[in-house]
Amino acid sequence: MVGLLVTASNPAPAQTEPAALIDSHRCMFCHTTDSPFLAPSFQQIAERYRKVPNARLMLENKLRLGGKAHWGDTAMPLPADRGGPITPEDTHTLIVWVLSQ
Ligand code: HEC
């Protein structure tokens, strides 16, 4: 019975926020989860790319290597100008989380 109640109150397994990564790469310096700030919110980004094939890979590459702006004139700064170099594994974790917002 207890198990049933717990299951019922947690219908969707939420993607755990990779807080340490977000922190060390300063994502929240420009982004927020739900309101546009210096950059589009992670919810806007998730909404825009939810149905786009290969968006995850494109975004992972862009986050790690840079690329042209998709939202305005300002492209996202390169990792060196954020928290420092970022590994493919860490970009993967971050983008999976962003797209789950
Ligand atoms: C210095 C400010 C800044 C920081 C720090 C920053 N971003 Fe961004 N980000 C931007 C801006 C500006 C854009 C919009 C760029 C564009 O038009 O494509 C953006 C766009 C994005 C996009 C969408 C890219 C696209 O092609 O649509 C993703 C995903 C993203 N950021 C994730 C992150 C993550 C994850 C971090 C932390 C590792 C991060 N950002 C840190 C400013 C920042």
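The values are calculated or read from the model by the stated rules, or taken from the named source; none is laboratory data. No experiment lies behind these values; they were computed from the predicted model shown. Heads up, the Cβs are rebuilt from the backbone with ideal geometry, glycines too, and the neighbour counts pull from every protein chain shown. For the accessible areas, the whole protein counts, side chains as well, though only heavy atoms, and no ligand, DNA or RNA atoms are used. Shrake-Rupley method; radii C 1.70, N 1.55, O 1.52, S 1.80 Å.
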Legend entry - Among residues of the stretch 61-91, those that are within 6 Å of the ligand (Cβ to nearest atom) and of a type outside the set (A, V, I, L, M, F, W, C), counted: 6
Inset, instruction - Could you run through the stretch 46-78 and say how many residues are of a type outside the set (D, E, K, R) and within 14 Å of Thr91 (Cβ to Cβ)? - result: 11
Legend entry - Every residue from the stretch 23-38 that is more than 6 Å from the ligand (Cβ to nearest atom) and assigned to a helix (DSSP H, G or I): Asp23, Ser24, Met28
Inset, instruction - Taking the residues in the stretch 39-96 that are open to solvent by 90 Å² or more (accessible area, probe 1.4 Å) and assigned to a helix (DSSP H, G or I) as candidates, determine which candidate is modelled with the lowest pLDDT. - result: Asp81
Inset, instruction - May I ask you to list pairs of residues, at least six apart or on different chains, whose Cβ atoms are under 9 Å apart, with the first in the stretch 32-56 being free of Cβ contacts under 8 Å to residues at least 12 places away in the same chain and under 17 Å from Arg82 (Cβ atoms) and the second being part of a helix (DSSP H, G or I) and open to solvent by 100 Å² or more (accessible area, probe 1.4 Å)? - result: Leu38/Phe29
